[in-house]
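Computed from the coordinates by the stated procedures, all read-outs in this text should not be read as laboratory data. This structure is a prediction, so every number in the text was calculated from the model and none was measured. Here the Cβ is made from the backbone with ideal geometry for all residues, glycine too, and neighbour counts use every protein chain on show.
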Amino acid sequence: MRATLVRAASVICALAFAACQASQPPPPSAPSALFASQWNGGLDPAEPDFHVQAIDANTLAMRQSLRTTFEAPFLYLIFGKDRALLIDTGVEGVDLRGEVDRQIEAWLQANGREHIMLTVMHSHGHADHIGGDSGFEDRPYTEIVGHTPEQVAAFFELDEWPAGSAHYELGERTVELFPTPGHHPSHVMVFDPATRILFSGDTVYPGRLYFQCGKLPEFRETMDKVAEFAVANDVQWLLGGHVEMKSLPGETFRPQNPSRTGEHVLELPASIIGEIQDALDGMAERPVVSTFDEFVLFPHPADPRGKQPPNWCLAEE
């Protein structure tokens, strides 16, 4: 389904919608508030499979190279005293296990430790977020969380899915996760009080926010939940699963581009939640693909074949 929707997004580009127009050469990426350098953009043939940057000594962000997949997903590795948490495993075909092992070994050496437990979880069950799971199946000191709603709820003891939240102890560092369906039935967000960062997966990121036409009420309910949580917990930043926007307001990169310049920064301020809420409210009950400065609302039919965006949800009425 993701590949079908990417092709649909390409149709929008071909039709020169504002979301994908390239009216002028993109300016350089804006400086990041969290990261020391711009993310690799697939420009160097020798670019490593993963670009790793530290938010702090115990919090790492990893981007899978555009040279390996146009999805270029972001993964996150969070260390506590007793356990590390890996959020998402990207697209298959690269050695994520090797990269994660290198990062864990560096952390162990820096902290005078011999080993640490690793929990591998997912923001949701789409293929570009679970592709590297198999590399961890035989890894010592490792648990892999399933990616269906039932498996996620059972592992984290979320008894009232999709209501409520769960705290997960890493050792002198506790994260909180809560269900956020709409983009995908098993979608969750993870909040780290130590950094005030909400890891928002594919529900919120600078790009195309996909949800099925009939899931508009669910997606809106999820955003209301996220807004309430962000206020109650003083969320400062949201880090999502991709970057698809350019640094020019309202413009996206064409899907499946193997390289990019002038990307939007990865991090989004908490104020973006209210902007998405307002955008969803503006749709009323007639969802159409709609472009905003830092995101695109991308409602889509469950089966998009034979339909064309942006008004293709209306064909289901």
| query | Distance in nm between label sites at residue 307 and residue 139, each 7 Å beyond Cα in the beta-carbon direction? | reply | 3.9 nm
| said: Could you sort the peptides 78-91, 215-228 by per-residue average Cβ neighbour count (10 Å cutoff), highest mean leading? | reply: 78-91, 215-228
| field | Alpha-carbon centroid distance for the pair the range 93-119 / the range 146-166, whole angstrom | value | 27 Å
| Here are some values of Cα extents along the principal axes in Å: (1) 144, 32, 22; (2) 113, 46, 33; (3) 57, 47, 34. Which one was computed from this structure? | (3)
| task | List the lysines whose Cα lies under 17 Å from the Cα of residue 215, skipping any in the same chain that are fewer than 8 positions away. | result | 225
| So what is the calculated 222 nm ellipticity per residue for the chain, using -39500 (n - 2.57) for each DSSP H run with n of 4 or more, over all residues, to the nearest 500 deg cm²/dmol? | -6500 deg cm²/dmol
| query | If one takes the longest principal axis of the Cα atoms in the chain, at what angle in degrees, from 0 to 90 and to the nearest 10, does the Cα axis of helix 216-232 lie? | reply | 50 degrees
| field | Near-label residues of the range 247-278 by backbone N, under 12 Å of a point 7 Å along Cα→Cβ of residue 196 | value | 269-271
| said: Could you work out how much longer the chain between residue 174 and residue 275 gets when fully extended? Use 0.36 nm per residue separation minus the Cα distance between them, nm to one decimal. | reply: 33.5 nm
| request: Arrange 141, 76 by Cβ neighbour counts within 10 Å, fewest through most, would you? | output: 141, 76
| the range 167-244 - share of DSSP beta bridges that are antiparallel (%, nearest 5) | 70 percent
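Counting DSSP beta bridges with both partners in the chain, what percentage is antiparallel, nearest 5?
65 percent
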| Order of 290, 134 from fewest to most other C-beta atoms within 10 Å? | 134, 290
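Can you order the peptides 236-246, 54-64 by their average number of other Cβ atoms within 10 Å per residue, highest first?
The packing order, highest mean first, is 236-246, 54-64.
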